[in-house]
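Worksheet: the structure to be examined is printed underneath.
The values are calculated or read from the model by the stated rules, or taken from the named source; none is laboratory data. None of these values were measured; they are calculated from a predicted model. Backbone-built Cβ (ideal geometry, glycine too); neighbour counts: all protein chains shown.
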Amino acid sequence: MSLRHILTAIFCCTLSALTAAELTFEEPLKEVDAPADAKTVIIEFPFANKSDEIIEITRQDAPCSCLSAQISGGKLIYKPGESGIIKGIFKLGTFSGTVDKSIYLWKKGDPAHKASMTITARINIPEIVQLTPRTLLWELGKEATSKTIDITINNPEPIKITKVDTTSDNFQLDLKTIEAGKKYQLAITPKDSSKPGFASIKIHSDAKIPRFQRLQAFCTIKAAK
């Protein structure tokens with residue numbers, strides 16, 4: 001057997017061993033629909049050790065403070081054939097729309113800088129008060145034209161927009177009611193576009209669900225790339 005064949009065989013055996021020694025998740029990407037009034041959502045990720053080696057989970061990390069992870073029973077070592085569940089606990093906070101959040105898992109032998117396993121929760125959160133778009137951009141030095149944000153109420157009961165305000169006096173706001181409790185339009189006009197600027201726009205409503213009582217949009221004046 002040539003040296004090339006020997007090296008190829010060694011590489012394949014090594015690769016096979018590395019591939020085998022991982023936990024197998026039924027759904028590495030799991031999508032769930034959250035109720036509009038939910039405060040937290042729990043997403044379960046069942047897994048099994050389908051390899052012929054013992055696998056030890058040495059570390060877990062959910063970079064977002066909105067997400068924490070729990071391993072069933074606190075068990076970290078799994079023999080071949082054993083299974084378990086990792087629960088992702090997601091705090092909805094002010095999130096809306098579709099949100100992807102990941103949990104990273106290290107097993108014994110993984111390099112510290114790179115997890116060998118990643119599971120992702122995709123949470124669909126109803127936007128009962130929808131802003132389109134959420135960000136408006138003006139080019140530095142160009143005409144300070146008026147731009148609009150459409151505010152659409154996706155809720156059986158009407159929701160009124162009660163107030164709008166901004167963190168910068170350089171942006172003039174003009175709220176128009178298209179259909180009371182259902183649709184509004186917010187016109188935003190910079191007073192001066194000759195200097196870079198940024199503003200957060202606060203949109204207040206009488207929604208019963210706290211996360212929709214105050215929403216944010218953003219305005220930016222900057223040079224074109």
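Within segment 54-81, can you find the residues that are without any contact (Cβ under 8 Å) to a residue 40 or more places away in the chain, over 13 Å from Ala121 (Cβ atoms) and surrounded by 15 or more Cβ atoms within 10 Å (Cβ to Cβ)?
Ile71, Leu76
Mind counting the residues in segment 184-206 that are surrounded by 14 or more Cβ atoms within 10 Å (Cβ to Cβ) and under 19 Å from Leu140 (Cα atoms)?
6
So Ala115 clears everything in (1) buried (at least 16 other Cβ atoms within 10 Å of the Cβ); (2) under 30 Å from Pro196 (Cα atoms) except one condition, right? Which one?
Among (1) buried (at least 16 other Cβ atoms within 10 Å of the Cβ); (2) under 30 Å from Pro196 (Cα atoms), the lone unmet condition for Ala115 is (2).
Scan segment 175-183 and tell me whether some residue there is out of contact with any Cys (no Cβ under 9 Å at 6 or more places or on another chain), surrounded by 18 or more Cβ atoms within 10 Å (Cβ to Cβ) and either assigned by TED's automatic domain parsing to the domain that holds Asn155 or of a type in the set (Lys, Arg) (or both). Can you show your working first?
First, the residues of segment 175-183 that are out of contact with any Cys (no Cβ under 9 Å at 6 or more places or on another chain): 175-183.
Cutting the leftovers down to surrounded by 18 or more Cβ atoms within 10 Å (Cβ to Cβ) gives us none.
No: zero hits.
Within segment 115-135, restricting attention to residues that are of a type in the set (D, E, K, R) and out of contact with any Phe, Trp or Tyr (no Cβ under 8 Å at 6 or more places or on another chain), which residue is nearest to Gly181 (Cα to Cα)? Before the answer, list the steps.
Taking segment 115-135 first, the residues of a type in the set (D, E, K, R) are 122, 127, 134.
Applying the additional criterion that residues be out of contact with any Phe, Trp or Tyr (no Cβ under 8 Å at 6 or more places or on another chain) yields 122, 127.
On the way: Arg122: 30, Glu127: 15 Å.
Among those residues, the one meeting the criterion is Glu127.
Go through segment 106-225 and tell me which strands (runs of 3 or more DSSP E), entirely inside it, have 2 or more residues that are farther than 30 Å from Cys64 by Cα and among the polar types (S, T, N, Q).
Working: elements: 117-125, 129-132, 135-139, 147-153, 161-166, 171-179, 183-190, 197-205, 214-222.
Correct list: 171-179, 183-190.
If I filter segment 95-112 down to residues being surrounded by fewer than 13 Cβ atoms within 10 Å (Cβ to Cβ) and not small (Gly, Ala, Ser), which single residue comes out as nearest to Glu22 (Cα to Cα)? Lay out the reasoning, then the answer.
Just the residues of segment 95-112 that are surrounded by fewer than 13 Cβ atoms within 10 Å (Cβ to Cβ), to begin with: 97-98, 100, 109, 111-112.
Subset that is not small (Gly, Ala, Ser): 98, 100, 111.
On the way: Thr98: 29, Asp100: 23, Pro111: 14 Å.
By that ranking, first place goes to Pro111.
So for segment 124-137 (the condition being more than 27 Å from Lys208 (Cα to Cα) and either over 18 Å from the mean Cα position of the chain (by Cα) or not assigned by TED's automatic domain parsing to the domain that holds Lys39 (or both)), does at least one residue qualify?
Here is the first cut: in segment 124-137, the residues more than 27 Å from Lys208 (Cα to Cα) are 136-137.
Next, from what is left, pick out any that are either over 18 Å from the mean Cα position of the chain (by Cα) or not assigned by TED's automatic domain parsing to the domain that holds Lys39 (or both): 136-137.
Among the residues of segment 124-137, at least one is more than 27 Å from Lys208 (Cα to Cα) and either over 18 Å from the mean Cα position of the chain (by Cα) or not assigned by TED's automatic domain parsing to the domain that holds Lys39 (or both), which makes the answer yes.
Kindly evaluate Ala144 against the criterion of being at pLDDT below 95 and exposed (fewer than 12 other Cβ atoms within 10 Å of the Cβ).
So Ala144 fails the test.
Looking at the structure I just gave you, is Ala69 assigned to a loop (DSSP other than H, G, I, E, B), assigned by TED's automatic domain parsing to the domain that holds Phe45 and touching a Leu at 6+ places or on another chain (Cβ under 9 Å)? It would help to see each step written out before you state the result.
Numbers: assigned to a loop (DSSP other than H, G, I, E, B): no; assigned by TED's automatic domain parsing to the domain that holds Phe45: yes; touching a Leu at 6+ places or on another chain (Cβ under 9 Å): yes.
In short, no.
Within segment 17-39, identify whether any single residue is modelled with pLDDT under 95, part of a helix (DSSP H, G or I) and over 32 Å from the mean Cα position of the chain (by Cα), and answer yes or no.
Scanning segment 17-39 turns up at least one residue that is modelled with pLDDT under 95, part of a helix (DSSP H, G or I) and over 32 Å from the mean Cα position of the chain (by Cα).
Every residue in segment 76-93 that is touching a strand residue (DSSP E or B) at 6+ places or on another chain (Cβ under 8 Å) and at pLDDT below 95, please. If you could, list the steps in order and put the result at the bottom.
Narrowing segment 76-93 to residues touching a strand residue (DSSP E or B) at 6+ places or on another chain (Cβ under 8 Å): 76-92.
If the condition is that a residue be touching a strand residue (DSSP E or B) at 6+ places or on another chain (Cβ under 8 Å) and at pLDDT below 95, then Leu92 is the only one that fits.
So in segment 40-52, with the set limited to residues that are surrounded by fewer than 16 Cβ atoms within 10 Å (Cβ to Cβ) and in a loop (DSSP other than H, G, I, E, B), which one is nearest to the chain's Cα centre (by Cα)?
Lys50
Specify the residue that is surrounded by the most Cβ atoms within 10 Å (Cβ to Cβ); the eligible residues are those in segment 150-174 that are hydroxyl-bearing (Ser, Thr, Tyr) and within 21 Å of Ala36 (Cα to Cα). Talk me through it step by step, then tell me what you get.
Within segment 150-174, the first condition is being hydroxyl-bearing (Ser, Thr, Tyr), and the residues that meet it are 152, 162, 166-168.
Still in the list and also within 21 Å of Ala36 (Cα to Cα): 152, 162.
Details: Thr152: 17, Thr162: 13.
By that ranking, first place goes to Thr152.
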